[in-house]
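The structure under discussion appears below in the form of structure tokens.
Any read-out appearing in this document is the output of simple, stated calculations on the displayed coordinates, not a laboratory observation. Keep in mind the model is a prediction, meaning the values are calculated, not measured. All Cβ positions, even for glycine, are placed from backbone atoms using ideal geometry, and neighbour counts span all protein chains on display.
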Amino acid sequence: MTKKKSTATRRAEQTAAAERAAAIRKEQERKEKRRRTLVIGGAIAAVLALILLAGYAVQSARDTTGEAGAVPSGVVDEYAVPRGQESAPVTVTVYEDFMCPFCGDFEQASEPMLQEYVDSGDVQVHYRVLSFLDGASDGADYSTRAMNALGVVLDTAGPDVATAFHDLLFRNQPAEGTSGPSDDELIAYAVEAGASEDAVSGPIRDRQFEQWVLNATDDASQDDVSSTPTVMVDGEVIEFRTIDELLANTDAAIQEGLGS
Amino acid sequence: MHWIGVVARLVVGGVWLAAGLLKIPDPTENVRAVRAYQLLPESIVPAVGHALPILEILVGLCLLAGVLVRANAVLSVVLLVAFVIGISSALARGLSIECGCFGGGGGPAVNAAAKYPWELARDAGLLLLSGWLVWRPRTPYAVDNVLFPEDGDEDADEPTETLIRTTE
């Protein structure tokens with residue numbers, strides 16, 4: 001009886017041992033597989049991280065924002081072209097892109113009013129030109145070329161000629177999406193405004209102030225200017241929905257600035 | 001149900017790849033687009049603007065090829081949630097900025113706010129598909145199937161084999 005019982009027990013024990021061995025083997029296989037998964041997955045993740053780092057380095061190197069560049073003489077606040085006397089009590093800062101249609105509308109609508117304030121010595125206008133619409137000139141980078149030209153005219157002929165050139169460009173504003181005036185045409189406008197052809201043609205063609213244009217555009221975005229036109233009166237952004245509203249609110253803010 | 005995963009990989013991966021590639025030409029604009037949301041501190045804005053397109057391309061390629069699907073789907077979810085937060089907060093704060101999702105976004109935007117709902121809906125759809133891939137990363141025609149073969153004894157209908165196995 002005991003012998004028979006012990007055989008059964010032994011058999012049961014053998015089965016249990018075999019099951020345990022199988023379980024251990026399976027566990028080892030599972031562990032091995034997990035190790036393999038981690039090694040392969042980790043290796044791929046490491047390669048991807050390296051590619052990400054390399055790509056990041058390339059993109060950073062291609063972005064020259066903030067690098068030092070030639071700055072036109074005569075600018076105010078590093079990036080602005082002034083109209084009017086510095087002694088004026090109120091400063092109106094206009095952020096605009098030569099390609100932006102609403103900026104053209106604003107220029108047309110605001111010119112008589114602002115000119116009056118400028119002439120009476122009450123306001124100095126700071127034109128903060130940007131070049132974020134380069135993509136909207138059929139590959140011709142009109143915004144950058146026009147703003148560079150403005151810098152060249154300011155640099156060589158002073159603020160009065162530069163503001164006249166600025167007005168000319170807006171009066172002859174190209175439709176958004178077209179290539180806009182060529183370098184030759186920009187030079188012709190500069191001469192019409194009163195600049196010397198010999199002085200401006202080289203720097204306009206060579207984009208002497210291109211880095212300044214880039215830095216100015218980045219600086220405006222750091223000022224939270226994400227649309228043009230943006231108008232500030234003594235640093236306060238003027239809210240608006242329509243150009244008429246922008247004009248009226250600008251006028252009111254100037255009056256308030258003069259009253260205080 | 002396997003085809004859902006393949007479609008999800010192709011759609012989400014394709015969108016990431018396109019979004020990344022379209023941003024590559026103008027790193028300066030990418031930085032301005034990130035900045036326009038006015039959410040991140042200026043100290044990290046340029047880094048995000050420069051790294052994001054590369055990250056998007058990598059996530060896109062990995063999902064298309066089926067490499068580390070679960071990890072990349074998790075990344076996809078994280079990025080999409082960040083974008084949804086960005087766009088909703090722009091909407092809530094009344095900012096009128098371009099999404100910048102597929103390049104651009106560094107410039108003035110006309111009627112930008114009118115596009116927010118559509119952008120949010122698109123991101124929600126992509127989020128759903130990415131979530132599916134986090135849940136079911138095993139799909140046919142994926143490199144993962146070669147790199148990390150499934151256990152033979154597992155039910156083929158339940159592709160629960162995961163890339164990073166949790167402790168059982």
**Prompt:** Applying the Karplus parametrisation 6.51 cos²θ - 1.76 cosθ + 1.60 with θ = phi - 60° to the phi angles of segment A:236-247, what ³J(HN,Hα) value in whole Hz is obtained for each residue in order, glycine and proline being reported as x?
**Reply:** 8, 6, 8, 7, 6, 10, 10, 4, 4, 5, 4, 5
**Fill in**
In the neighbourhood of B:PRO46 defined by beta carbon distances under 11 Å, the net charge of the other residues (Lys, Arg +1; Asp, Glu -1) is -1
**Asked** Per-residue ellipticity at 222 nm for chain B, helices alone: DSSP H runs ≥ 4 residues times -39500 (n - 2.57), over residue total, nearest 500 deg cm²/dmol?
**Response** -21500 deg cm²/dmol
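Can you give the local net charge around B:LEU126? Use residues other than it whose beta-carbon is closer than 14 angstrom to its beta-carbon, Lys and Arg +1, Asp and Glu -1. List each step's numbers first, then the result.
On the way: positive: B:ARG9, B:ARG122; negative: B:GLU56, B:GLU119, B:ASP123.
That works out to -1.
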**Message:** Take B:VAL143 and A:ARG36, extend 7 Å from each Cα along the Cα→Cβ direction, and tell me the distance between the two endpoints in nm.
**Reply:** 1.8 nm
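Please give me the summed charge of the neighbours of A:PRO159: other residues whose Cβ is under 11 Å from its Cβ, Lys and Arg +1, Asp and Glu -1.
Details: positive: A:ARG83; negative: A:GLU86, A:ASP155, A:ASP160.
Net charge in that neighbourhood comes out at -2.
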**Amide H contacts under 5 Å for A:MET99, placed H, 5+ residues apart** = none
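In deg cm²/dmol and to the nearest 500, what is the mean residue ellipticity at 222 nm of chain A if only DSSP H runs of at least 4 residues count, each as -39500 (n - 2.57), divided by the residue total?
Values: 8 runs with 159 residues, N = 260.
Calculated from helices alone, the mean residue ellipticity at 222 nm is -21000 deg cm²/dmol.
Once R0 is set to 25 Å, what does the formula 1/(1 + (r/R0)^6) return for the Cβ-Cβ distance between B:ALA114 and B:ALA82, expressed as a FRET efficiency to the nearest 0.05? Intermediate values should be presented prior to the final figure.
Details: r = 22 Å, r/R0 = 0.89.
The calculated FRET efficiency here is 0.65.
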**Request:** Using only alpha carbon pairs under 8 Å that are at least six residues apart, calculate the relative contact order of chain A and give it in whole percent.
**Result:** 24 percent
**Asked** Any idea what the relative contact order of segment A:105-260 is, in percent, if you count C-alpha pairs under 8 Å spaced at least 6 apart?
**Response** 25 percent
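Arranged from highest to lowest average of other beta-carbon atoms within 10 Å per residue, in what order do the peptides A:246-252, B:44-50 appear? Write down the numbers at each step before the final one.
On the way: A:246-252: 17.1, B:44-50: 19.6.
Highest mean packing first, the order is B:44-50, A:246-252.
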**Complete:** Cys in the protein assembly as shown lacking any partner Cβ under 4.7 Å -> B:CYS62
**Message:** From the phi angles alone, apply the Karplus equation (6.51, -1.76, 1.60; θ = phi - 60°) to segment A:124-139 and give each ³J(HN,Hα) in whole Hz, x where the residue is Gly or Pro.
**Reply:** 10, 8, 10, 8, 9, 7, 10, 10, 7, 9, 3, x, 9, 10, 6, x
**Request:** Given the peptides A:95-104, A:177-186, B:9-18, B:126-135, arrange them by the average over their residues of other C-beta atoms within 10 Å, most packed first.
**Result:** A:95-104, B:9-18, B:126-135, A:177-186
**Prompt:** What nm distance separates the two modelled labels at A:GLU185 and A:ASP224, each placed 7 Å from Cα along Cα→Cβ?
**Reply:** 3.8 nm
**Asked** Using 1/(1 + (r/R0)^6) with R0 = 22 angstrom and r between the beta carbons of A:ASP160 and A:ASP198, what's the FRET efficiency to the nearest 0.05?
**Response** 0.70
**Fill in**
Which residues qualify? For A:VAL237, with a placed amide H closer than 5 Å and at least 5 residues away or on another chain, they are none
**Request:** May I ask what percent, to the nearest 5, of DSSP beta bridges between residues of the protein assembly as shown are antiparallel?
**Result:** 55 percent
**Euclidean distance of C-alpha centroids, segment B:1-24 and segment A:1-57, integer Å** = 35 Å
**Request:** Whole Å is fine, so just give me how far the alpha carbon centre of segment A:108-151 lies from that of segment B:58-88.
**Result:** 41 Å
**Fill in**
A correct Karplus calculation of ³J(HN,Hα) over segment A:28-36, with 6.51 cos²θ - 1.76 cosθ + 1.60, θ = phi - 60°, whole Hz and x for Gly and Pro, returns 5, 4, 5, 5, 4, 5, 5, 4, 4
**Asked** What are the aspartates and glutamates whose alpha-carbon lies under 12 Å from the alpha-carbon of B:LYS115, with same-chain residues fewer than 8 places away excluded?
**Response** B:GLU98
